[in-house]
1. Per 0.36 nm of contour for each residue apart, how much would the distance between Q25 and A115 grow if the chain were fully extended, relative to their Cα-Cα spacing?
2. Which length gain, in nm to one decimal place, applies between S210 and I249 when the Cα-Cα distance is subtracted from 0.36 nm times their residue separation?
3. Can you work out the FRET efficiency for the pair E220 and H272, with r the C-beta to C-beta distance and R0 = 25 Å, to the nearest 0.05?
4. Using only C-alpha positions, report the orientation-averaged shadow area of the convex hull of the stretch 281-381, nm², one decimal.
5. How much length is gained if the chain between V239 and M372 is pulled fully straight, taking 0.36 nm per residue apart and subtracting their Cα-Cα distance, in nm to one decimal?
6. Which FRET efficiency, nearest 0.05, do V229 and E292 yield, Cβ-Cβ r, R0 45 Å?
7. Between rounded, prolate and oblate, where does the stretch 180-247 land on the alpha carbon gyration tensor, with a ≥ b ≥ c its root eigenvalues, rounded for a/c under 1.5, else prolate if a/b exceeds b/c?
8. What's the center-to-center distance, using Cα atoms, between the stretch 345-361 and the stretch 215-284 in Å?
Amino acid sequence: MFARLRRWRIRFVAAGNMVEWCLPQDIDLEGVEFKSMASGSHKIQSDFIYFRKGPFFGLACFANMPVESELERGARMKSVGILSHSYTLLYRYMHFLENQVRHQLETPGHYSHLAAFYEDKKGVLHAGPGRGSSLPPVYWLPSIHRYMYPEMKITHPAGCMSQFIKFFGEQILILWKFALLRKRILIFSPPPVGVVCYRVYCCCCLANVSLPGIGGTIPESKPFFYVNVADIESLEVEVSYVACTTEKIFEEKQELYDVYVDNQNVKTHHDHLQPLLKINSADREKYRRLNEQRQMLLYSQEVEGDYNPCEEDLFVLFFLEQNNRIFQTLLEVSASQDKTLTAEHARGMGLDPQGDRSFLMDLLEAYGIDVMLVIDNPCCP
C-alpha cells in the first residue's frame, strides 16, 4: 500500500526546470524538477521515469510539444508526477499522468483535475503526520510467492522481462552475479529512460532469495531508478544500489559505482571483479534452460491458452530457485563438520567450479558464510 501520495507538475522554460504546481504545498520537492525530466529529454516527444526522492519513490510522465513562442524556445515541455513510499503500484496511475501532461501542454494553468485526483487519493493512501521517517525500508530479499513480487506496467507487448532477456542475452548472467553480490550497478542510456527504469527493476529481480537467514548481514540492494548529477552526494554513501542515468559524465566518476552498463556492454574498473565478466559453460547452460522454459511457456500459452503463470513469473522464479539452490548448499556445507566446499558442490549449485571460483569466493565473503573453498585455481601451481 502507498504510505503517502504527493502530486506536482514541472515545466521547462528558458530559465530551466521549475516546479509549477504541487499538492500539498509544504512538501520538500528540491531536485524533483530534474529527476522528473531526464537530461536529454528535449530530443524526444514523450517518456516516463521512475526515481527516488529521499524516502519516496516517484513516477513522472513527460511530454514535449512544439509551440510558436520565443519565451519557450519553440517547445513546451512538462512532466506530471506523483511521489509515494512504495513504487510497486505507481504504474496504476501512469495512464492518468500521461493524459494530464498532455492536458497541461495544451491548456496550461488548469489544475482542477490534478487537485481532484489528490483529494480523492489522499484519503485512500493516507499516512498520519510524521510517519514518513519511521517507515521500514524497502528490501529486495523478501520471501517471495509467485504473485507477490512487485508489479510493473509493461509498455512493450513482449513484456518487461522478455525485453530484458533479449536485450542483454547471456549478459544477464553477469548482471545476476553482480546483483547477488550487492554491487553498485549503474546503467547508462540516452533518453527515453522509461524502459531503462524497467531494466533497473529486472536487475533487482535477479537477486531475490527466499531462504531464512540469508541477507541479514549484507546491505540491501536499492532500486534508485533514474539518477542525475544532483544525486552524486547521496550515491557517494551508498554501498549497494541499482540505478540508471542519461548523463555520460557518470562514467568518469568511478568512485560512485562498481559496475557500469553502457548499452549491452557490462564493465567494471575493479581488478578483482574482472573474472566475473567472462561467460562460462555453466552460464551458457543456465541461459539455455531459461530460454527453453520460456519457449515451453510460450507454446503452452499459444496452444492451450494457459497464461498462468506468465513470463514474468517464470523469470523471477527461475532466478529465485537458482539463488535458493546456491545458498541452501552453502548453508548445509557451513553446518557440516569439515565445512569443505568442493567442485562437486559447485556443479550441484549450477556453477562452473573453475569459471565461478572468484564469484564463489566473493559470495562467501559478502554473505559471511563460513566454508572452506577447496576448488583448485588452474592459474596457480
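1. Numbers: separation 90, 0.36 × 90 = 32.40 nm, distance 1.15 nm.
Fully extending the segment from Q25 to A115 adds 31.2 nm.
2. Numbers: separation 39, 0.36 × 39 = 14.04 nm, distance 3.72 nm.
Taking S210 through I249 to full extension adds about 10.3 nm, to one decimal.
3. Details: r = 23 Å, r/R0 = 0.90.
Result of the calculation: an efficiency of 0.65.
4. On the way: hull surface 30.5 nm².
Average projection, Cα convex hull of the stretch 281-381: 7.6 nm².
5. Details: separation 133, 0.36 × 133 = 47.88 nm, distance 2.62 nm.
The V239-M372 span can extend by a further 45.3 nm.
6. On the way: r = 43 Å, r/R0 = 0.96.
E between V229 and E292, to the nearest 0.05, is 0.55.
7. Numbers: a/c = 3.49, a/b = 1.58, b/c = 2.21.
It comes out oblate by the Cα gyration axes.
8. With the stretch 345-361 and the stretch 215-284 each reduced to a Cα centre, they are spaced 23 Å.
Each value in this text was obtained by applying a stated rule to the coordinates, not by laboratory testing. Please read all numbers here as calculations on a predicted model, not as lab measurements. Neighbour counts are summed over all protein chains in view; Cβ atoms, including those assigned to glycine, are modelled from backbone coordinates with ideal geometry.
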